[in-house]
4 protein chains.
Amino acid sequence: MGMIGGGPGAFIGAVHRSAAALDGLIVLVCGAFSSDPEKSKSMAGELDLPPERVYGSWEEMIRKEAAMPEEERMEIVSIVTPNHLHFGPAKMALESGFDVIMDKPMTFTLDEAKELKKVVEKTGRYLCLTHTYSGYPMIKEAKEQVRSGALGTIRKIFVTYPQGWLSQYLEATGYKQAEWRTDPSRSGAAGAMGDIGTHAFNLTEYVTGLQVTALCAQLNIVVEGRKLDDDGAVLLQYNNGATGVLMASQIMAGEENNLTIKVYGEKGGLEWSHADANSLLVKMLDAPYQTLRAGNGYLSELARHNTRTPWGHPEGFFEAFANHYRNFALCVEARKNGGQPKAEWLDFPTVDDGVRGMAFIENVIASGKSEKKWTAFEV
Amino acid sequence: MGMIGGGPGAFIGAVHRSAAALDGLIVLVCGAFSSDPEKSKSMAGELDLPPERVYGSWEEMIRKEAAMPEEERMEIVSIVTPNHLHFGPAKMALESGFDVIMDKPMTFTLDEAKELKKVVEKTGRYLCLTHTYSGYPMIKEAKEQVRSGALGTIRKIFVTYPQGWLSQYLEATGYKQAEWRTDPSRSGAAGAMGDIGTHAFNLTEYVTGLQVTALCAQLNIVVEGRKLDDDGAVLLQYNNGATGVLMASQIMAGEENNLTIKVYGEKGGLEWSHADANSLLVKMLDAPYQTLRAGNGYLSELARHNTRTPWGHPEGFFEAFANHYRNFALCVEARKNGGQPKAEWLDFPTVDDGVRGMAFIENVIASGKSEKKWTAFEV
Amino acid sequence: MGMIGGGPGAFIGAVHRSAAALDGLIVLVCGAFSSDPEKSKSMAGELDLPPERVYGSWEEMIRKEAAMPEEERMEIVSIVTPNHLHFGPAKMALESGFDVIMDKPMTFTLDEAKELKKVVEKTGRYLCLTHTYSGYPMIKEAKEQVRSGALGTIRKIFVTYPQGWLSQYLEATGYKQAEWRTDPSRSGAAGAMGDIGTHAFNLTEYVTGLQVTALCAQLNIVVEGRKLDDDGAVLLQYNNGATGVLMASQIMAGEENNLTIKVYGEKGGLEWSHADANSLLVKMLDAPYQTLRAGNGYLSELARHNTRTPWGHPEGFFEAFANHYRNFALCVEARKNGGQPKAEWLDFPTVDDGVRGMAFIENVIASGKSEKKWTAFEV
Amino acid sequence: MGMIGGGPGAFIGAVHRSAAALDGLIVLVCGAFSSDPEKSKSMAGELDLPPERVYGSWEEMIRKEAAMPEEERMEIVSIVTPNHLHFGPAKMALESGFDVIMDKPMTFTLDEAKELKKVVEKTGRYLCLTHTYSGYPMIKEAKEQVRSGALGTIRKIFVTYPQGWLSQYLEATGYKQAEWRTDPSRSGAAGAMGDIGTHAFNLTEYVTGLQVTALCAQLNIVVEGRKLDDDGAVLLQYNNGATGVLMASQIMAGEENNLTIKVYGEKGGLEWSHADANSLLVKMLDAPYQTLRAGNGYLSELARHNTRTPWGHPEGFFEAFANHYRNFALCVEARKNGGQPKAEWLDFPTVDDGVRGMAFIENVIASGKSEKKWTAFEV
């Protein structure tokens, strides 16, 4: 694996590296860790990489690695840069024959996203978008519970993603993460809705298999001086007639990162929250509540495939991330060996999720500015 | 106390009687328990009342009791009928010199509510509206936490009231409660929004001291054949610039009755849910979470006044209800004795809450039908 | 009902009165509220009782009430005095023809308890001992789950009763409750084991239907200067071969009153805690956890009989207490009417529980002093 | 790193490998994965190791690796065999100049443990014993809370380790893990007490800094036919006068793996459970409960050092394990570089913990057989 981004002090780059390493399937062999060549090169020691494979730019990395003999060069590219630096590396990597795993949102604009989809289709490479939360085993189980029909027709979907870390005007304090996340030139058209709203949006479509058809958004800039939305609520309509509510906020002071989803059908509902990630609550009409727990034999094959430990041994954020890496790697390996990937390996977020995520951002921004209640969800 | 409504099998009537009895301050002395005189009279035995004081109609009860000597007649009137039978008895009771405690929503229409407010003002009687949830001690504490400024300026309010009992078309099965709740001629213009949405709405204004100024509603009739909304979500604007989301649904299959409120200010947030009613979660920025528990000496005087047991001895629905009864009774008694009621006794929902609750119903219905995003909250 | 004890400021007396009033089945008609006649009489106003029926001593109350015409006199006696004043009033009341409901532990010594059992048998009156916790509906459900065989043969029982209120030497601060609870001349041979250990012990036998046959106790006086145990742990053997652990402590600083019981059989386990009293957790081998919730139709008849509200409307300490009062009252009434009490009415703690509770105290004290590991449980 | 044990299908071996890989500090370079040379060699492909460094026996591995040039040979040895195969490899590895990280319990007997301690002292190598639970950041925080004096003098310690996986006679079903865990010739003198009781015991001493001085055990073989204890409870005395209770059971049907510890001092208590590993509950007398959450800036330096993610991003079992690996590796590296390890790196379980763990096993077995209440804790 070659990594683009993830230089000194970058949180998400380190997460990607640990996630990739966890299962022993992927080895980091090269990287272009920063747009500053000095900073990039400084990572060689820390990561125990040969200096000649720590590149000064992502273009250089892709070009030189592609020129190496097949058995020596990197096989996959991991992109962990800020949003405005997603599209270029992804396109070049795919067109150079590499499979790509990358952070979300997929691109800077919806147009880029649609362009990238064409590149994926043309090159036939895999693209995995690391929407972490669909990597959790109990989210996999939630999807299977809905798919099996256990809840009946889905009627109501509720997702909330509360954070409090931007409750104050941190972008002026030298806090890098806060700086780029709130900067339209690096983050894109949306703030909270782009950073965490897209996770929440993706999760509802992943778990239910439904698609949003219209939305009504109230977006707020709560902290004075901020340039992008830091809080918002969105009413949703889905393609089977179900309705929903999505909340995403980074100014809910005191909240950590407790993404929660609840889905209700005719016969019952289910509930998952990040703070208790190894449980899935299932509430059927007129029956005791059930708490399904990761690692048990009664879970679906999809859930079990995405767990490494037996019941009662909690897995967390790294492992959810690692599930995407592992499934992606298994698919890449299967193709290399001329085999067919299993259905559960293919269950990672793809370029299609990326396109819908970017459409969500553009539609939610449009709705936020509109005086009309409903905005059709256009892709 | 004389009771209007609460005949054979009525759930809420029995709750009112137990709540009134709990503290030994109020004695049930008469009643008109049903619009069917036979059914009303049948309650005499069960309730150990003299048959001559179980009346065939509420008009008869008010008229005859008012004609009795002051030391013998009932002192207060409790109204627990369906919504369309609230206004008449309340008006007559007030005008006959009785203080009134009654179930919510206060009236059938906003016009009736405004009329009733005039009657209260003219007669100088107390009117207590039993919004149960503001009777819970930890909700009192939540109010005090906001009032004290501990959270800073309030920015975000979130309230959800999920029930699942109307997930199916129960109104055709002979289930009385489902019948009248879903019948526009008895329940009023709103279904779920009237029955439980008003509780949620009232709770946000009670806890924060703020008032809704505009709203954007999506109301749904999810169960086929139903005549009133059984599910809905509402975006809210408050008079200090804060925004909010309110959800109320009776088709969230599997949910019981878990009203939850979260309020976020600049410095921190708080959270209360009915399923853990004796706790209040306070989350301050960059500090450990705090769980405040009913019955402790560190709570506000308001919270402590509304608790009967020491820490760790859970109080519940009856006790929250009984708090309104007790505070109302203490005020009535104070006036009788020529004294001043204490501030914490006056902290029960009044006719003003009733007027705003009815305005909520009418505004939320109007917004639900509107194609415009925002509907101004008019009273 | 006539009450003995429960004078000015007494916590448990007020709880008994509210619990008795809740269902409208029992009316307080007289009392001897304090051993100090002045204090006793001072309660007449507060409780709205005729002064001539507020007596200066319990002997006077029982004697005079017994002499009244049957239709005028009290029907039942409630005893809420400190432990050393349980036996005398109970014996006289029973022998005077009254049914008795009383606080625990039943007597001051095991000998008194055995003597009282004879009195009950001779007089044929009902005696109800208010072990609050077996009044909770989900404890009733736990009992039925075990009885039904759902868990298989019971193997392991675990009960813990943590409190922190005696973490410091409060008995010197004028705190009445702390004074008598830690005073051997009023509380008896045991401190924490008598006050709360007996609750825990009773709960294990109630839920499982088993009986303790041997025990091994470690009793501690943790706070310097205290005269009775304030902390202890007990290993238990039951008559079917199951084993158990009981902990009761009043020096677990920070703990409120969270009695918790867990019972494990061959096929699964169950768990109840006072802090979430309306839930019962059932964990079957290789199956999702189940949370049974009070007020649901899927519960046993015994649980449903002991609930007043539908699902999601929490009941608490008063209601658990009130269940004992109601069941006791229904039995007394049935006998009066010449009928048979229903099985679920008879499900309150009796003189037999009282005898075993006193035996627990004496055996646990003996074991605490013994150097031998096991002490046979003798009654 | 070279690994001994962890062959095909071994759960804990895979955990060790993932934990070692997570932080990119340790690379697996060789192994003797099974006592069956065929099985050992079969791991080469799966683990991407050169076949010549996958050895047929641990003796061969240690001998040959020790003979390699320093810059090529393995630096540390990880031992993940069943208990009877701990001592031999550990001793030889240490004496061959390697640092050792190994699974618990440390040895088969206390004598072996004491012998190993001498080897460690003589060779000056590091030995890390993977008591997973002391690797959790919130357990580190618990230790710091006690050490800081925040709770006052510790009075009461309570630890329970409930599992249900051996509720039935699985050792006859071909379940390997069940077979060796219940086999005295591979597991040692104790069953549940050795496998999980030692974890619980170690955790109390780690968190409190106290040492057990006497114990009173009730050990049970609950499942018919089993040869080792599968359930037990132990009363404890600590060297500052505190007392405690330890429970460890593998027949609590329905339980997963929810190790829980509670510690009470004069001023307050704390509580941690594995099922909510990223939280630490602190309960101070007369104050709101506090929930400390992993990843926050208000935590001790020790807790923060052992966390990789910011608040709200759950870490779990692998990360706790990885903390021991990382700290051990940092110490080894520091010595290699001639530097001093930091205090927080040295905070992993050592040979001294291993000796006390083996003493716990021998003392608890002795006490279980004794008719005397107390058995002195002898090492």
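The values are calculated or read from the model by the stated rules, or taken from the named source; none is laboratory data. Since the structure is predicted, the reported quantities are computational estimates derived from the model, not experimental observations. FYI the Cβ positions are ideal-geometry reconstructions off the backbone, even for glycines, and counts take in every protein chain you see.
Within the range B:5-59, the set of residues being under 22 Å from the mean Cα position of the chain (by Cα), farther than 19 Å from B:Asp99 by Cβ, in a loop (DSSP other than H, G, I, E, B) and within 14 Å of another protein chain (Cβ to nearest Cβ) comprises B:Gly9, B:Ala10, B:Phe33.
B:Val29 fulfils the conditions (1) surrounded by fewer than 23 Cβ atoms within 10 Å (Cβ to Cβ); (2) within 17 Å of B:Gly354 (Cα to Cα) except for a single criterion, (2). Taking every residue in the range D:286-297 that is more than 26 Å from B:Leu299 (Cβ to Cβ) and at the interface with chain B (Cβ under 7 Å from one of its Cβ atoms) and pairing it with any residue that is surrounded by fewer than 20 Cβ atoms within 10 Å (Cβ to Cβ) and not basic (Lys, Arg), at least 6 positions away or on another chain, the pairs with Cβ-Cβ distances below 8 Å are D:Gly297/B:Asp286.
Given the conditions (1) away from every other protein chain (no Cβ under 14 Å); (2) more than 26 Å from B:Phe377 (Cβ to Cβ); (3) touching a strand residue (DSSP E or B) at 6+ places or on another chain (Cβ under 9 Å), report the number of the one that B:Glu205 does not fulfil. Of the numbered conditions (1) away from every other protein chain (no Cβ under 14 Å); (2) more than 26 Å from B:Phe377 (Cβ to Cβ); (3) touching a strand residue (DSSP E or B) at 6+ places or on another chain (Cβ under 9 Å), the odd one out for B:Glu205 is (2). In the range B:177-185, the count of residues that are more than 21 Å from the chain's Cα centre (by Cα) and away from chain A (no Cβ under 14 Å) is zero. When every residue of the range C:14-31 is checked against the conditions, at least one turns out to be over 25 Å from C:Gly135 (Cα atoms) and not assigned by TED's automatic domain parsing to the domain that holds C:Met193. Scanning the range A:101-129 for residues that are in contact with a Cys (Cβ under 8 Å, 6 or more places away or on another chain) and farther than 24 Å from A:Ala192 by Cα turns up just one, A:Tyr126.
Exactly one residue out of C:Thr213, C:Thr198, C:Thr208 is surrounded by 22 or more Cβ atoms within 10 Å (Cβ to Cβ), among the polar types (S, T, N, Q), farther than 14 Å from C:Leu259 by Cα and touching a residue at least 40 places away in the same chain (Cβ under 8 Å), and it is C:Thr208. Selection of the range A:146-156 for residues being in contact with a strand residue (DSSP E or B) (Cβ under 9 Å, 6 or more places away or on another chain) and more than 11 Å from chain B (Cβ to nearest Cβ) yields A:Val146, A:Gly149, A:Ala150. Checked against (1) without any contact (Cβ under 8 Å) to a residue 40 or more places away in the chain; (2) buried (at least 18 other Cβ atoms within 10 Å of the Cβ); (3) touching a Pro at 6+ places or on another chain (Cβ under 8 Å), D:Asn278 passes all but condition (1).
Number of residues in the range B:109-154 that are of a type in the set (Asp, Glu) and within 20 Å of B:Thr204 (Cα to Cα): the value is 2.
Identify all residues within the range A:162-188 that are crowded, with 19+ Cβ neighbours inside 10 Å and closer than 18 Å to A:Ala248 by Cα; write none if there are none. Selection gives A:Pro162, A:Gln163, A:Gly164, A:Trp165, A:Leu166, A:Ser167, A:Ala178, A:Arg181, A:Thr182, A:Ser187, A:Gly188. Screening the range C:75-87 for residues that are in contact with a Phe, Trp or Tyr (Cβ under 7 Å, 6 or more places away or on another chain) and of a type in the set (A, V, I, L, M) and picking the one that is surrounded by the fewest Cβ atoms within 10 Å (Cβ to Cβ) gives C:Ile76. Pairs linking a residue in the range D:362-379 that is of a type in the set (Gly, Ala, Ser) to a residue that is surrounded by fewer than 21 Cβ atoms within 10 Å (Cβ to Cβ), with Cβ atoms under 6 Å and 6 or more positions apart or on different chains, are D:Ala366/D:Thr375; D:Ser367/D:Thr375; D:Ala376/D:Ala214. In the range A:357-379, the residue that is nearest to the other protein chains (Cβ to nearest Cβ) out of those that are crowded, with 17+ Cβ neighbours inside 10 Å and either under 21 Å from A:Asp99 (Cβ atoms) or β-branched (Val, Ile, Thr) (or both) is A:Thr375.
Let's see how each residue does on (1) of a type in the set (S, T, N, Q); (2) within 19 Å of the chain's Cα centre (by Cα):
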| residue | (1), (2) |
| --- | --- |
| D:Val207 | no, yes |
| D:Leu219 | no, no |
| D:Asp229 | no, no |
| D:Asn239 | yes, no |
| D:Val245 | no, no |
| D:Ala253 | no, no |
| D:Trp272 | no, yes |
| D:Leu280 | no, no |
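Any idea which residue in the range A:137-161 is surrounded by the fewest Cβ atoms within 10 Å (Cβ to Cβ), counting only those that are under 19 Å from the mean Cα position of the chain (by Cα) and of a type in the set (Lys, Arg)? Per the stated criteria, the residue is A:Lys143. Tallying residues that are buried (at least 23 other Cβ atoms within 10 Å of the Cβ) and acidic (Asp, Glu) within the range A:324-335 yields 0.
Looking at (1) over 19 Å from the mean Cα position of the chain (by Cα); (2) among the polar types (S, T, N, Q); (3) under 30 Å from B:Gly312 (Cβ atoms), can you tell me which one C:Ser134 breaks? Answer for C:Ser134: the failing condition is (1).
Among the residues of the range D:357-379, write down those that are among the small types (Gly, Ala, Ser), more than 19 Å from D:Leu116 (Cα to Cα) and in a helix (DSSP H, G or I). Quick ask: steps written out before the conclusion?
The initial filter retains those residues of the range D:357-379 that are among the small types (Gly, Ala, Ser), namely D:357, D:359, D:366-368, D:370, D:376.
From what's left, more than 19 Å from D:Leu116 (Cα to Cα): D:366-368, D:370, D:376.
If the condition is that a residue be among the small types (Gly, Ala, Ser), more than 19 Å from D:Leu116 (Cα to Cα) and in a helix (DSSP H, G or I), then D:Ala366, D:Ser367, D:Gly368 are the ones that fit.
For B:Gly338, indicate whether it is within 14 Å of chain C (Cβ to nearest Cβ) and out of contact with any strand residue (DSSP E or B) (no Cβ under 7 Å at 6 or more places or on another chain). No, not satisfied.
Right, A:Gly2: more than 17 Å from the chain's Cα centre (by Cα) and either among the basic types (Lys, Arg) or modelled with pLDDT of 95 or more (or both) or not? Taking the combined requirement at face value, the residue satisfies it.
Does the range C:274-282 include one or more residues that are acidic (Asp, Glu) and at the interface with chain D (Cβ under 9 Å from one of its Cβ atoms)? There is no residue in the range C:274-282 that is acidic (Asp, Glu) and at the interface with chain D (Cβ under 9 Å from one of its Cβ atoms). Of everything in the range C:298-323 that's within 17 Å of C:Gln145 (Cβ to Cβ) and crowded, with 21+ Cβ neighbours inside 10 Å, which residue is farthest from the other protein chains (Cβ to nearest Cβ)? Filtering the range C:298-323 for residues that are within 17 Å of C:Gln145 (Cβ to Cβ) and crowded, with 21+ Cβ neighbours inside 10 Å, the one farthest from the other protein chains (Cβ to nearest Cβ) comes out as C:Asn306.
In this structure, does A:Gly265 turn out to be in the same structural domain as A:Arg155 (by TED's automatic domain parsing), surrounded by 23 or more Cβ atoms within 10 Å (Cβ to Cβ) and farther than 30 Å from D:His274 by Cβ? Spelling it out, A:Gly265 is indeed in the same structural domain as A:Arg155 (by TED's automatic domain parsing), surrounded by 23 or more Cβ atoms within 10 Å (Cβ to Cβ) and farther than 30 Å from D:His274 by Cβ. When the criteria are applied in full, A:Phe328 fails the requirement of being aromatic (Phe, Trp, Tyr) and closer than 30 Å to D:Pro137 by Cα.
For the residues B:Val119, B:Val80, B:Val54, the requirement of being of a type outside the set (D, E, K, R) and touching a residue at least 40 places away in the same chain (Cβ under 8 Å) singles out B:Val80. Under the condition of being farther than 18 Å from D:Leu235 by Cβ and within 7 Å of chain D (Cβ to nearest Cβ), the residues counted in the range C:221-272 number 9.
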